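The values are calculated or read from the model by the stated rules, or taken from the named source; none is laboratory data. Predicted, not measured: the structure shown is a model, and the values here were computed from it. All Cβ positions, even for glycine, are placed from backbone atoms using ideal geometry, and neighbour counts span all protein chains on display.
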Amino acid sequence: MPITLEVCVESVESAVAAQIGGANRIELCSALSEGGLTPSAGLIRAVRRAVTIHVFVMIRPRGGDFCYSSSEVRVMLDDIEHARTLGADGVVLGALTVEGDVDLALTAELVRAARPMKVTFHRAFDMTRNLDRALEDITAAGADRILTSGGEGDIVRGTANIARLVENARGRIAVMAGGNVRRNNVQDFLATTGIEEVHTSLRTRLPSPAHFANPQVRLGSHMEEHMRYIVRDADVRTLREKLDAIAVAPVREVVE
């Protein structure tokens, strides 16, 4: 079975490049420097018009933790409705309790509000105190998919956890791996875990075309304010070709 490739983008140009390169789906965000926030209605509409592959919209009202107030929940519900109206195929969301568990009640409410769109629970999953319990809670909430690095900084370090999650989830909820997915690490990772979906940003820095920037002023919290990031279709194509070349093989036992 071909591996599903999802590419995270924050512009129309990157969405088009992802499609040209062979992505099956895009996760559309703004502010990837903050881990991804809800994109504007204008961006959702423009991307939906520009590509034919599936578009999943990030539903995250702010950066920081994943413990949301009642006013933030109302914003999320409105954003879900706008995403549906604008033609999104799915949404990407997540909510946790202050104790570090999945907020089961809120997640179930958001999932119900999103139907008939598909729902991915994002990498807030990796911030939970118990991945196995979180898997069960997200499954009970009705989400379709979990995005995870296995509770580690990247998929390579999270390989053993991801393999276990895939086994525990099989037939009930999809598990998608994300976190430094690259063509030079994906072959062994797929053979070990049995993952059938991968998520990546494949971002490349693009210098600003501005000829002048005041060095005394910084408007945000990031050092490279005048750098932009794009997805190049060639990079997506290279990863797509690598995925397509990987033969389906028995899952190898993970050596701890």
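Residues of region 78-92 that are buried (at least 16 other Cβ atoms within 10 Å of the Cβ) and part of a helix (DSSP H, G or I): ASP79, ILE80, HIS82, ALA83, ARG84.
Taking the criterion of being more than 15 Å from SER201 (Cβ to Cβ), in contact (Cβ under 8 Å) with a residue 24 or more places away in the chain and of a type in the set (Gly, Ala, Ser), the residues of region 28-72 that qualify are ALA41, ALA46, ALA50, GLY63. Candidates are the residues of region 161-207 that are over 17 Å from ILE146 (Cβ atoms) and free of Cβ contacts under 8 Å to residues at least 24 places away in the same chain; the one that is surrounded by the fewest Cβ atoms within 10 Å (Cβ to Cβ) is ASN184.
Tell me, please, whether a residue that is at pLDDT 75 or above, part of a helix (DSSP H, G or I), of a type outside the set (D, E, K, R) and surrounded by 15 or more Cβ atoms within 10 Å (Cβ to Cβ) can be found in region 228-236. Yes, that holds for at least one residue. The condition (being of a type in the set (Lys, Arg) and touching a residue at least 12 places away in the same chain (Cβ under 8 Å)) is satisfied by just one residue among ARG157, ARG115, ARG145: ARG145. Among the residues of region 1-19, the one identified as in contact with a Ser or Thr (Cβ under 6 Å, 6 or more places away or on another chain) and farther than 16 Å from ARG182 by Cα is GLU10.
When LEU219, LEU190, LEU202 are checked against the criterion of being on the phi > 0 side of the Ramachandran plot, among the hydrophobic types (A, V, I, L, M, F, W, C) and at pLDDT below 95, a single residue qualifies: LEU202.
The residue of region 117-155 that is nearest to VAL186 (Cα to Cα), among those that are among the hydrophobic types (A, V, I, L, M, F, W, C) and surrounded by fewer than 17 Cβ atoms within 10 Å (Cβ to Cβ), is MET127.
When region 136-167 is filtered for residues that are within 16 Å of GLU196 (Cβ to Cβ), in a helix (DSSP H, G or I) and within 18 Å of the chain's Cα centre (by Cα), the ones remaining, listed by number, are THR159, ILE162, LEU165, VAL166. Inside region 96-110, can you point out the residues that are crowded, with 24+ Cβ neighbours inside 10 Å and within 18 Å of ARG129 (Cβ to Cβ)? Matches in region 96-110: VAL102 only.
Any residue that is over 25 Å from MET227 (Cα atoms), buried (at least 22 other Cβ atoms within 10 Å of the Cβ) and touching a strand residue (DSSP E or B) at 6+ places or on another chain (Cβ under 9 Å) - is there at least one of those in region 38-47? Within region 38-47, none of the residues are over 25 Å from MET227 (Cα atoms), buried (at least 22 other Cβ atoms within 10 Å of the Cβ) and touching a strand residue (DSSP E or B) at 6+ places or on another chain (Cβ under 9 Å).
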